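Read through the structure below, which is laid out as structure tokens, and then see the notes.
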Amino acid sequence: MASYKLNINSKEYTIEAEPQTPLLWAIRDEVGLTGTKYGCGIAQCGACTVHLNGNPVRSCSLPVSAIVGQSITTIEGLSEDNSHPVQKAWLDVQAPQCGYCQSGQIMSASALLEKNPSPSDEDIDQAMSGNVCRCGTYHRIRKAIHLASKEISNESK
Amino acid sequence: MKANKLNRRRFLQVSGMAGAMLAVGFDSLAFGSDKSTLKMIMPEDLINGIQINPYVTISESGEVTIMAHVPELGQGIFQGIPAIIAEELGVTMEQVTIVKASASRKYGRQSIGGSRSVRSMFMPMRQLGAATREVLVQAAAKQWGVDASNCEVKEGVVYKKGSKDALPYGDLVASAAKLELPKKPTLKNKADFNIIGKATHRPDLVGKVNGSADYGIDAQTEGLLYATIERCPTLQGTVTSYDADAAKSVKGVIEVMEVTRTVYGKKNTGIAVVAETYYAATEGRKKLSAEWDNAEFSQISTESINTDMAQLAQEKGLEHFEKGDFEASKGQRGASSDIKVKTSHYRLPHVAHSCMEPMNATVHVREDNTVEVWAPSQSPQVQRQFARQLGIPDNQAEEKIKVHLPFLGGGFGRRSMNDSLEECFQISKALRKPVKLIWSREDDTTQGPFRQTSFHRMTMSFNSDNRIGLQHKVVSPAITTQSRPSNGRVPFEVMEAINTHYDFDDISVRYSEYKNQIPIHWWRSVFGSTNAFPHESFIDEMAFELKVDPLQFRKTKLKSEPRFIKVLEKLEEQSNWNEKLGENEGKGVAIVESFGSIVAHAVFLKRENGKVSMPKVVSVVDCGIYVNPDQVIAQTEGNIIYGLTAALKDAITFKNGAAQEANFDTYRMLRMNEAPRDIQVHLMENNEAPGGVGEPGLPPIAPALANAVFDLSGKRMRILPFDLQKI
């Protein structure tokens, strides 16, 4: 048992946890941000995806002790008002169905677009195939990423 | 461990959403109620205005609140039912706030399944909306001293015809609420619909892109404990020993206890580990060293199941449908020299539902015998069941037991079984503390209940007089007879999606029940998912034998069914079916009626550099009148992916009585890189009664795929799943 300072969405949280506690459960149950989801626990489905220093990582497989001092962004930190281009595009194409995997999908997509604002279909395949959607929204997710990409490139003009 | 537990006030600060979420249309009550008061705050308690009926409340300032009374699992029903009410009520969706209901008999039946919601509630909810409109109009007419027929409604305002007099609903609600709702209100004409039939954005999706949507697994309440359950790997063994002390030696573990899970009458024992954190519970579980007696089940294997089913396929079986004389068509009808008979065998495996949100439940049985439940369930009305176990009379069940309906992270039929709630209730009842039970993904995959396995013997007969016969012999376990004998009858569910409309001279459909101990349960499209694959693949085999294009063959043989014909014609046109494909391309078609709708798919395959891909799927859906076309399209896209996963990825296989696949590494899901990039869904426009939407797109996808494989490679796929890269 130890005390850990976590920097999540630019806020600092102090939690008490066993060092091996997966970051996922610290975020959900200790900090109370439940947008990040449990799906498999072995980094196979991507429902728990968050950004660690801007990179998409699977929080179910990262011990809380390993990420101290690093910057974490969860779905709740993506924007204050659903205004991130990826969130807007997701709503535009009405991508979610049950929605459970979508936090992870959106975190993977936003990380992709951050690095590669104009991804090809192959780039999308590569960046998104770690995220499982059981409702089968892949087709709309692809559409939404292309749409968000357009908005991002318009913004930067 | 002494966790830095959040108190209720901090939950609200951290998430900052109590008010904001209500504003966008769903309740914030994943957060439970303050323990300082016995009153449990439910969504209904927070609605502003005067209730005209259990579904509709209007405030004096004109805000309209409509309850979403059945669970939302992705199908869009959160908005779908309120939209039907709003249409007849005469308001726009912008004027409506949708609030998730809690479980109560005042809403009638709240369970979902069988692609039934819109089908069964379309008329009753229109009548409810229209009756509500009529009392508002009556209130206005009374105020003006005119007949109701001199009034008209537009966007929540009643107008006196031929004048400028207008009364908004907010001014009328107080007097309207005192009037009796008419039993036979006048319904709108379809031509006057403003909401039904138009693509509208779903209000629940806002919370699904910002993390605020409350699923069952997100339930939070003060002092919440977490539970995980160790289970017998062979499903129905009995526990012989376990080390509770070792589990309790893990810091944070509070209790270890046996719990029971009922699956079709069979009681399965598990060992629950309850702790202050979920991580501590899972660590404690690892130390249980549980031993099980499972000798009775150790002989069960997929191999033995397959052998047994193939054997049963040789039996005559029970009659389901007979036309003409199929047996005679095979040769006893005189001159038999030109009769051709061909038989093929098809097989489909057990599969898991794999909802992205694993099974879970949160229950708080309090010291005073009141209960708060967060039910991630397709059948959330659990009050009476729990009341009986607490000695609460039925007529007090709803007052003492409150049930939240969170969003469901998928259902697919799995969440119509409340086994996780049953387990969680036992734990909380023993501890009198709030408990959240979370099944691990491994529990979720290995413990079932599963989609049934099945075996099919398909036989065709034809002769030079163009006489055609078809027999479909189904062998499978049945869902409804797992805990009782079938008494020589064909269980109602097992014949879904077998198309006896085909105009063959002799048709025979028969069934043999295969009883075994593996529990099975409703799985998206149920027997449609297992029957359509052999049936529509074999129609293709017949077309091939008769040297006819498979789509044209279907058109010829379904000519007495105009809805099928129109769907096929539309598919032919939209998919450019008659265009010649390249040498390394293939196409396949299938058409299936299930759950009151007809869906046809055309699947296109391509082989490039030795790799097979599926660039395109074109679909045509005839579901009669639909509410939100974009949701019909979304459900069909989803059915395609769910069906392709079952066709192309992994089966649940059994060895020594235990499921061998446990998590997404061995039980793989179709992913983005494997999904068709181009999915086109076209809807038929007609005035037929609404059909189902959540399932009918699934049955035709596997046969359309297998038929495309045949077209591409000449190989007939008769066993699912298969690997597209090994065809």
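The values are calculated or read from the model by the stated rules, or taken from the named source; none is laboratory data. All values derive from a computational prediction rather than experimental measurement. Positions of Cβ are backbone-derived with ideal geometry, glycine not excepted, and every protein chain shown enters the neighbour counts. Note: accessible area is taken over every heavy atom of the protein model, side chains too, but ligands, DNA and RNA are not part of it. Shrake-Rupley method; radii C 1.70, N 1.55, O 1.52, S 1.80 Å.
So here's what we get for this one:
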item: Unit charges on C-beta of K, R, D, E only; dipole of the protein assembly as shown, Debye; result: 580 debye
item: Given charges at beta-carbon only (K, R positive; D, E negative), |dipole| of region A:85-155 in Debye; result: 260 debye
item: Environment charge of B:V592, counting only residues whose C-beta is closer than 14 Å and scoring Lys/Arg +1, Asp/Glu -1; result: -4
item: Cβ-Cβ FRET estimate between A:S10 and B:M257, R0 fixed at 51 Å, reported to 0.05; result: 0.75
item: Other-chain or far-sequence residues with amide H under 5 Å of B:E255's (modelled H); result: B:V274
item: Over region B:265-359, equivalent-ellipsoid semi-axes from the Cα gyration tensor in Å; result: 52, 16, 13
item: Net charge contributed by nearby residues that have their C-beta within less than 13 Å of B:G697 (K/R +1, D/E -1); result: -3
item: 22 Å Cα-Cα reach of B:K473 towards lysines, excluding residues that sit fewer than 8 places from it in its own chain; result: B:K316, B:K323, B:K330, B:K340, B:K342, B:K515, B:K557
item: Region B:468-498-region B:94-125 distance, computed between alpha-carbon centres (Å); result: 31 Å
item: Residues whose placed amide H lies under 5 Å from that of B:S454, excluding near-sequence neighbours; result: B:L348
item: Two-decimal log10 I(q)/I(0) for region B:143-229, as the Debye equation yields it once each C-alpha is a single scatterer, q = 0.20, 0.22 Å⁻¹; result: -1.10, -1.21
item: Within region A:2-77: Cβ-based charge dipole about Cα centre, in debye rounded to nearest 20 (Lys, Arg +1; Asp, Glu -1); result: 220 debye
item: Amide proton proximity set for A:T49, modelled H, under 5 Å, gap of 5+; result: A:K37, A:S59, A:G104
item: Cβ crowding within 10 Å averaged over residues, with B:69-77, B:165-173 ranked highest first; result: B:69-77, B:165-173
item: Kirkwood Rh, angstrom, the protein assembly as shown [1 / mean 1/r, Cα pairs]; result: 28.8 Å
item: C-alpha center-to-center spacing [region A:24-54, region B:272-335] in angstrom; result: 35 Å
item: Residue of A:K115, A:K143, A:K88 that the Gaussian network model of chain A assigns the largest fluctuation, springs spanning Cα pairs under 10 Å; result: A:K115
item: Per-selection Kirkwood Rh - chain A (Cα, Å, 1 d.p.); result: 15.8 Å
item: Listed residues A:C45, B:V135, B:A275: farthest to the positive end of the dipole of the protein assembly as shown (Cβ charges); result: B:V135
item: Proximal lysines relative to A:K143, as straight alpha-carbon distance under 19 Å, when same-chain residues fewer than 8 apart are discounted; result: A:K88, A:K115, B:K208, B:K616
item: Two-decimal Rg to Rh for chain B - Kirkwood Rh, Cα set; result: 1.00
item: Sites B:D192 and B:I565 - FRET efficiency at Förster radius 30 Å, r taken between beta-carbons, to 0.05; result: 0.50
item: Where region B:349-463 is the region considered: accessible area per residue in Å², 1.4 Å probe; result: 22 Å²
item: Backbone HN-Hα couplings from phi across region A:50-66 [Karplus 6.51/-1.76/1.60, Hz, Gly and Pro as x]; result: 10, 9, 10, 6, x, 9, x, 9, 9, 5, 6, 10, 10, x, 4, 5, 8
item: Accessible area buried between chains B and A, both sides summed, probe 1.4 Å, in Å² to nearest 100; result: 5500 Å²
item: Percent carbon-and-sulfur accessible area, chain B, ignoring ligands, DNA and RNA, probe 1.4 Å; result: 47 percent
item: Dmax and Rg, reported as Rg then Dmax, of region A:2-77 (C-alpha, Å); result: 10.8, 29
item: Radius 9 Å from Cβ of B:L225, net charge of other residues (Lys, Arg +1; Asp, Glu -1); result: 0
item: Where labels lie 7 Å past Cα in the beta-carbon direction, separation of B:D465 and B:W144 in nm; result: 7.3 nm
item: Too-long pairs where the Cα-Cα distance tops 22 Å, listed order kept, from B:K606/B:K715; A:K150/B:K606; A:K37/A:K150; B:K287/B:K649; B:K266/B:K400; result: A:K150/B:K606; A:K37/A:K150; B:K287/B:K649; B:K266/B:K400
item: Averaged over A:74-87, number of beta-carbon atoms from partner chains that fall within 10 Å; result: 3
item: For peptides B:84-92, B:179-187, sequence by mean Cβ density within 10 Å, most packed first; result: B:84-92, B:179-187
item: Solvent exposure of region B:515-627 as accessible area per residue, Å², 1.4 Å probe; result: 35 Å²
item: Accessible solvent surface per residue of region A:85-155, calculated while the other protein chains remain in place, 1.4 angstrom probe, Å²; result: 30 Å²
